[in-house]
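The values are calculated or read from the model by the stated rules, or taken from the named source; none is laboratory data. Since the model is a prediction, treat every value here as computed from it, not as a measurement. Positions of Cβ are backbone-derived with ideal geometry, glycine not excepted, and every protein chain shown enters the neighbour counts. Side chains included, ligands, DNA and RNA excluded: accessible areas come from the protein's heavy atoms. Shrake-Rupley method; radii C 1.70, N 1.55, O 1.52, S 1.80 Å.
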There are 2 protein chains.
Amino acid sequence: MKKTKTWNQHVVKQENKDLVLHTIMRYDPISRAETAIKTSLNKGTVSSLVNDLIEENMVYESGPGKSSGGRRPVMLNFNRMAGCSIGIDLGVNYILGVLTDLTGEILMEKYIKYEYESYEITMQHTLEVIDYLIARQPDTPYSIVGIGVGIPGAVDLKGQVMLAPNLNWENVEIKDKLQDRYGVPVIIENEANAGCYGEKKYGVGSKSNHILYISIGIGIGIGMMLNGELYRGNNGFSGEMGHMTIDLNGNLCPCGNRGCWELYASEKGLHAAMAAYEIPPQSNDQRDLEYLIARARQNDERALALFNTVGGYIGLGVKNIVNTFNPEQVIIGNRMSSAQEWIEPAIREKLDGTLWFQKEGLHLEFSGLSTHSSAMGMAAFSIENFLKSYQYSQTAL
Amino acid sequence: MKKTKTWNQHVVKQENKDLVLHTIMRYDPISRAETAIKTSLNKGTVSSLVNDLIEENMVYESGPGKSSGGRRPVMLNFNRMAGCSIGIDLGVNYILGVLTDLTGEILMEKYIKYEYESYEITMQHTLEVIDYLIARQPDTPYSIVGIGVGIPGAVDLKGQVMLAPNLNWENVEIKDKLQDRYGVPVIIENEANAGCYGEKKYGVGSKSNHILYISIGIGIGIGMMLNGELYRGNNGFSGEMGHMTIDLNGNLCPCGNRGCWELYASEKGLHAAMAAYEIPPQSNDQRDLEYLIARARQNDERALALFNTVGGYIGLGVKNIVNTFNPEQVIIGNRMSSAQEWIEPAIREKLDGTLWFQKEGLHLEFSGLSTHSSAMGMAAFSIENFLKSYQYSQTAL
DNA sequence: CTTAATTTGTCTAGTGGATGAACAAAGTTT
DNA sequence: AAACTTTGTTCATCCACTAGACAAATTAAG
């Protein structure tokens with residue numbers, strides 16, 4: 001049975017209602033008349049759609065606004081408390097969960113730090129975090145509209161986790177598990193995709209339609225927003241650029257190849273280069289970032305040089321990315337972004353080596369939401385998903 | 001003045017008409033009833049839209065078809081001769097022009113080979129080719145629906161040529177020039193984008209929605225089709241992956257950086273490596289490809305080894321591309337594709353080194369249209385552009 | 001050979017949503 | 001106080017899609 005999408009007046013209404021809702025969200029507060037102008041819809045049409053939205057609890061009136069020489073407008077507000085969204089950032093040694101309203105504002109958060117555990121324990125922690133947030137949600141008409149979980153690994157389009165090396169997960173199913181338990185839509189996504197979406201919605205990426213978000217932690221992952229939409233690839237595995245070869249004859253990577261970018265430009269890279277700069281390792285795992293930042297803060301020459309070197313490697317990859325995508329904005333996110341001060345000059349220097357027309361309108365920035373971009377991005381996925389679908393599901397109201 | 005796209009019955013009709021037309025194009029010949037089923041539109045709606053299309057000369061009836069136990073259907077055909085399209089591939093030392101019908105079938109072509117000349121001479125040759133094809137076009141209701149020109153260089157979204165190093169062009173305007181002269185819509189595009197589109201429409205890419213087309217000639221350029229649409233980047237300069245660094249400490253590239261991919265994996269790469277394999281250069285420019293292929297055909301060990309090495313470099317870049325995009329299909333096009341026999345094994349070997357889930361559903365292929373992908377792609381751009389717009393412009397009919 | 005069933009394509013009445021204009025209500029400016 | 005503005009609702013109209021009836025054309029069955 002082949003089903004092509006056809007266009008009829010139902011779709012028209014759906015789309016226009018969505019347009020009106022998003023216009024109100026964006027300009028909140030705004031009058032009906034102003035909304036009609038912004039959307040270039042007819043006043044009457046807007047009126048009728050707004051009344052629908054009010055009945056559905058998505059919009060409310062907040063009394064008269066300022067007159068500009070005529071009848072005072074009735075201001076409309078997006079009902080940010082029509083429901084709540086939950087976003088989870090499943091880190092390698094932490095879990096961050098946020099409960100947000102429908103504008104993505106954080107109402108509550110829960111952070112757990114733990115050392116590496118088995119899959120079962122990790123899941124148990126995750127459920128605890130979700131339970132905690134659900135138990136404390138405010139009273140809203142739609143309650144929890146969805147749960148999103150960001151994973152540091154490859155997730156396919158169906159939400160299956162194919163491989164999360166740092167969690168030691170392979171072929172893990174958690175979407176249905178969570179969906180069954182909580183009875184709400186669940187979205188599983190790659191952590192870099194989530195971070196990219198978070199920055200686009202609530203961070204430094206709000207004005208760009210072509211964003212490459214580079215999540216640099218232990219490894220490197222990329223989230224890409226192209227033409228205003230997240231690109232996932234054929235199966236959902238786009239952005240695995242940590243394993244881009246930048247050095248033909250470089251060191252061996254656990255992935256089996258030589259000279260992968262993340263060996264040079266991630267926390268792994270920092271760790272590997274410490275010996276060369278005669279900086280004694282602090283611990284025997286690879287998490288020296290805070291330690292190195294502390295030293296850099298005290299103007300330790302070796303640490304500064306090290307950051308400069310790694311910054312250069314990051315810049316090299318960024319240059320490759322710019323040549324590939326011709327983006328509007330490149331955002332450096334995740335843990336490495338806290339070293340902005342010491343790596344940024346080296347990155348920018350490399351970027352100067354790209355062809356002149358690539359630099360036109362290109363912005364390099366660092367994460368605006370810092371540690372929260374992933375969790376907030378996942379919450380945003382669920383919100384957007386809800387806004388696209390509530391109009392069907394709630395016909396029973 | 002902010003204009004958001006709103007949805008009304010005009011848009012609905014437009015979209016449905018487009019859907020019907022494309023359905024007829026795809027299943028040609030097909031009856032009205034069958035079209036209604038395929039599009040899931042109402043029979044009456046299809047009838048009315050088809051009659052519009054017939055009046056507009058886009059569709060015609062070709063008499064009764066086979067009955068399946070009832071009244072015999074009236075078969076509908078797409079009127080491939082409603083107009084013609086012209087596609088030009090502006091090569092470094094040749095110009096290929098094709099005149100096609102609206103299905104992209106080549107009705108006539110004109111090939112000119114010439115040594116490098118100034119911009120003025122090149123343009124003069126281009127005009128000659130176009131004039132030649134226009135003079136010989138068949139009689140059609142819409143005549144020439146557009147002209148597309150593929151350029152081996154960076155073209156911005158407005159059709160300005162920013163830089164075409166191998167043509168020695170910088171900041172050249174030809175779109176308006178052609179448009180003024182011929183009075184039809186003109187599209188200027190990067191040659192790799194054109195090739196990608198050509199392969200998607202008429203070549204080996206017809207079934208894929210996520211295609212990376214790698215145009216390997218003197219240099220390397222990429223055309224990408226993501227989610228079924230060509231991706232151009234923020235300004236139109238995506239796909240400049242020839243200058244992706246794959247060797248940190250590699251040789252200097254004219255672009256100012258070290259170890260660019262195209263130094264290793266293009267015709268430049270072949271040329272550079274010839275000395276190491278003790279193959280005497282044949283000419284003093286960098287076009288030894290035909291010469292090397294001739295030697296490989298005779299099983300010349302050195303030539304085979306050389307192709308194997310360069311194939312490995314190509315494969316390395318393809319691996320990077322696969323990790324970045326998670327594509328459905330990778331197509332090797334342009335001149336280097338004629339060495340398929342000798343480079344393919346090395347490329348596939350490198351591809352085996354990618355993570356297992358990246359390989360799922362991934363197809364590596366070589367250009368199906370060979371030397372014609374760019375020109376046909378450009379013709380296809382003009383056709384698609386016409387099909388999207390004729391419904392507005394021809395209201396005066 | 002007649003009759004029933006099937007398929008195609010047109011036509012008509014009805015539905016739903018957008019539009020434009022009229023209008024009342026509620027302001028501001030002169 | 002009068003004239004002008006702005007807002008938001010209402011109503012008649014338009015337009016595209018839909019469902020269902022129907023005639024024409026054909027095959028299948030008795």
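For the range B:204-368, the relative contact order is 24 percent, taking Cα pairs closer than 8 Å that sit 6 or more residues apart in sequence and dividing their mean separation by the residue count. Under Stokes-Einstein, with the Kirkwood radius over Cα pairs as Rh, the value for the range A:144-196 at 4 °C and 1.567 mPa s is 116 µm²/s. Counting only C-alpha contacts under 8 Å and six or more residues apart, can you give the relative contact order of the range B:137-282 as a whole percent? Worked out over the range B:137-282, it gives 15 percent.
Modelled spin labels at B:E349 and A:I112, positioned 7 Å past Cα toward Cβ, are 4.9 nm from each other.
GNM on chain B, alpha-carbon springs under 10 angstrom: the most fluctuating residue among B:A276, B:A303, B:A82 is B:A276.
Annotation for A:N171, label-to-label distances across the other copies: 5.9 nm (shortest first, one decimal, point 7 Å from Cα along Cα→Cβ).
Shielding of B:358-367 by partners, i.e. mean partner chain Cβ atoms within 10 Å per residue?
Rounded to a whole number, the mean comes out at 2.
Shielding by partners for peptide B:221-231, expressed as the average number of C-beta atoms from other protein chains within 10 Å of each residue's C-beta, is 3.
The Cα trace of the range A:205-368 gives Rg and Dmax of 15.6, 47 Å, the first to one decimal, the second as a whole number.
If you take every DSSP beta bridge whose two residues both sit in chain A, what share of them, in percent to the nearest 5, is antiparallel? List each step's numbers first, then the result.
Working: 35 of 55 bridges.
Of the beta bridges lying entirely in chain A, close to 65 percent run antiparallel.
Accessible surface of A:E240, taken over heavy atoms with a 1.4 Å probe and every protein chain present, rounds to 30 Å². What FRET efficiency comes out for B:S68 versus B:H10 if R0 is 22 angstrom and r is the Cβ-Cβ distance? Round to the nearest 0.05. The calculated FRET efficiency here is 0.05. Modelled spin labels at A:A272 and B:Y132, positioned 7 Å past Cα toward Cβ, are 5.4 nm from each other. Rg/Rh, computed from the Cα trace of the range A:9-78 with Rh as the Kirkwood radius, has the value 0.96.
Projected onto their three principal axes, the Cα atoms of the range B:133-287 cover extents of 59, 35, 29 Å, largest first.
When every Cα-Cα distance of chain A is counted in 10 angstrom steps from zero, the calculated P(r) takes the values 5, 21, 28, 24, 14, 7, 2, 0 percent. Going by Cα centres, the range A:177-194 and the range B:31-54 are how many Å apart? Each part reduced to its Cα centre gives a spacing of 41 Å. Using the Cβ-Cβ distance between A:D300 and A:N93 with R0 = 25 Å, the FRET efficiency computed as 1/(1 + (r/R0)^6) comes to roughly 0.45. Working note: Karplus 6.51/-1.76/1.60 with θ = phi - 60° gives the range A:78-89 the couplings 6, 7, 5, 9, 6, x, 10, 10, 10, x, 10, 10 Hz, where Gly and Pro are set to x. Across chain A, Cα pairs under 8 Å and at least six residues apart give a relative contact order of 15 percent. Taking label points 7 Å from Cα along the Cα-to-Cβ direction, B:E105 and B:H363 give a separation of 2.3 nm. Here's the picture: charge each Lys and Arg Cβ at +1 and each Asp and Glu Cβ at -1 in the protein assembly as shown, and of A:Y291, A:A194, B:Q340 the one pushed furthest to the positive end of that dipole is A:A194.
Dividing the helix sum by the residues of chain A, where each DSSP H run of 4 or more adds -39500 (n - 2.57), gives a mean residue ellipticity at 222 nm of -12500 deg cm²/dmol.
For the protein assembly as shown, what does the convex hull of the Cα positions come to per residue, in cubic angstrom? Provide the component values of the computation, followed by the final result.
Numbers: hull volume 162.8 nm³, N = 794.
Each residue corresponds to 205 Å³ of Cα convex hull volume.
Relative to the current alpha-carbon distance between A:D18 and A:I54, full extension at 0.36 nm per residue lengthens the span by 11.6 nm.
The contact between chain A and chain B removes approximately 5200 Å² from the accessible area (both sides summed; 1.4 Å probe; ligands, DNA and RNA excluded). Of the residues A:G203, A:H372, A:A305, the one whose Cα sits farthest towards the positive end of the charge dipole of chain A is A:G203 (charges of +1 on Lys and Arg Cβ, -1 on Asp and Glu Cβ, taken about the Cα centre).
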